[in-house]
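Student: Have a look at this one.
The values are calculated or read from the model by the stated rules, or taken from the named source; none is laboratory data. As the structure is a prediction and not an experimental result, all values here were calculated from the model. Here the Cβ is made from the backbone with ideal geometry for all residues, glycine too, and neighbour counts use every protein chain on show. Surface accessibility is based on the protein's heavy atoms, side chains included, excluding ligands, DNA and RNA. Shrake-Rupley method; radii C 1.70, N 1.55, O 1.52, S 1.80 Å.
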Amino acid sequence: MRTKVRVILSTLAALLLLGAAIAAGLNAVFTVTYVRADFSTFSEDGNRDAAELKQKLDAFVGKSTTFLDLDEVAETVKEYPHFTVSSLKKGFPSTVEISILEREEVYAYAAADGSYTFLDGEGKHLTDGNASIKNRAGGENILLENFSLQISQTGEAEGEYFSELLSVMGSFAKTFSELRANIVSVSLGLGTADRENVIFRIGMKEGVTLVLVNPSSLPEEKAALAIARYAALSDEKRLYGLITVYETADGMIGSDYTSHDPFA
């Protein structure tokens, strides 16, 4: 009887040792040995942030590939508001593969303290407390004036007529590959108390101003017509004047050009 017990105990011990050896072998195989991080940056600040972030991502080396929570990796990237993850996956058995894009600053609006809040082209929050509207690429962001904006819990700017602004700018982006190189500012004019005669005043780089009347109605179409009228101007006329786009009484979209801005 004692011999049988010893045999059973020896067998169990051997199985435990075998299990431990297998677990150790699997752990050695399914352990992160390399974080492959591909960065797409366009600024010197972005390059510096990328080097710093790569060091933090390398801290995941040595963790189990199987049990690694990719949300932890994504949360590390969120420490850098100018970066966003475009792809993230485990490369079994021993790598983590992540692609990271630098988010472009496009819009700026003034806070109550006089500093500026920056948004990307989709209206998502980037940074607060900026001393000027100058962006990381060395140019200036598009200044948003008279928009009452708040940042939601999901990090998106919200406010009256802001979705219309993004629609208009989306239409402009089909013509202008770089909005900031062509547009200086967008000002919201609220008109009367019942929101009649609401306008977007879009200041172009050369000097001419585009005015979209009632941007809540057909914003993309009005933007497209404004761009067409702008493109048809001579180089000289782009230096001054006002293009106004509006809906006519029969529901069509019309436009006018004047050589002076009566609201300037």
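Student: Quick one: what are the phi-derived ³J(HN,Hα) couplings along the stretch 118-132, Karplus 6.51/-1.76/1.60 with θ = phi - 60°, whole Hz, x for glycine and proline?
Tutor: Per residue, the Karplus-derived 3J(HN,Hα) values read 9, 10, 8, x, 8, x, 8, 5, 10, 9, 10, x, 7, 6, 8 Hz.
Student: Mind listing the phi-derived Karplus ³J(HN,Hα) values for the stretch 143-155, rounded to whole Hz, using 6.51, -1.76 and 1.60 with θ = phi - 60°, and x for any glycine or proline?
Tutor: Once θ is set to phi - 60°, the couplings for the stretch 143-155 become 7, 9, 10, 6, 8, 8, 10, 10, 9, 6, 5, 8, x Hz.
Student: Once you've got the Cα coordinates, tell me which of LYS174/LYS237; LYS54/LYS89; LYS89/LYS174; LYS174/LYS222; LYS124/LYS174; LYS78/LYS222 are over 25 Å apart.
Tutor: Long pairs (Cα-Cα over 25 Å): LYS89/LYS174; LYS78/LYS222.
Student: Next question, about the same structure. When ligands, DNA and RNA are left out and all protein chains stay put, how many square angstrom of accessible area per residue does the stretch 80-162 have with a 1.4 Å probe?
Tutor: Per-residue accessible area for the stretch 80-162 comes out at 47 Å².
Student: Taking θ as phi - 60°, what are the ³J(HN,Hα) couplings along the stretch 71-80 by the Karplus curve (6.51, -1.76, 1.60), each to the nearest whole Hz, with x for Gly and Pro?
Tutor: So the Karplus estimates, Gly and Pro as x, are 4, 5, 5, 5, 5, 5, 5, 5, 5, 10 Hz.
Student: Which order do the peptides 35-41, 167-173, 220-226 come out in when sorted by mean C-beta neighbours inside 10 angstrom, highest first?
Tutor: Highest to lowest by the protection proxy: 220-226, 167-173, 35-41.
Student: Could I ask something else about it? Amide H of THR127: which non-local residues (sequence gap of 5 or more, or other chain) have their own amide H closer than 5 Å, using H built in the peptide plane?
Tutor: The list, which skips near neighbours in sequence, is PHE118.
Student: Could you please state how large a percent of the accessible area of the chain is carbon and sulfur, counting protein chains only and using a 1.4 Å probe? Write out the running numbers ahead of the final one.
Tutor: Details: 7910 of 14550 Å².
The value for the chain is 54 percent carbon and sulfur by accessible area.
Student: Give me the extension gain from GLU236 to PHE92: residue separation times 0.36 nm, minus the current Cα-Cα distance, reported in nm with one decimal.
Tutor: Stretched out fully, the GLU236 to PHE92 stretch lengthens by 45.7 nm.
Student: Near the amide H of ILE142, under 5 Å away, which other amide H atoms are found, from residues 5 or more places off or on another chain, if H is placed in the peptide plane?
Tutor: When sequence neighbours closer than 5 places are left aside, the close amide H contacts are TYR107, ALA108.
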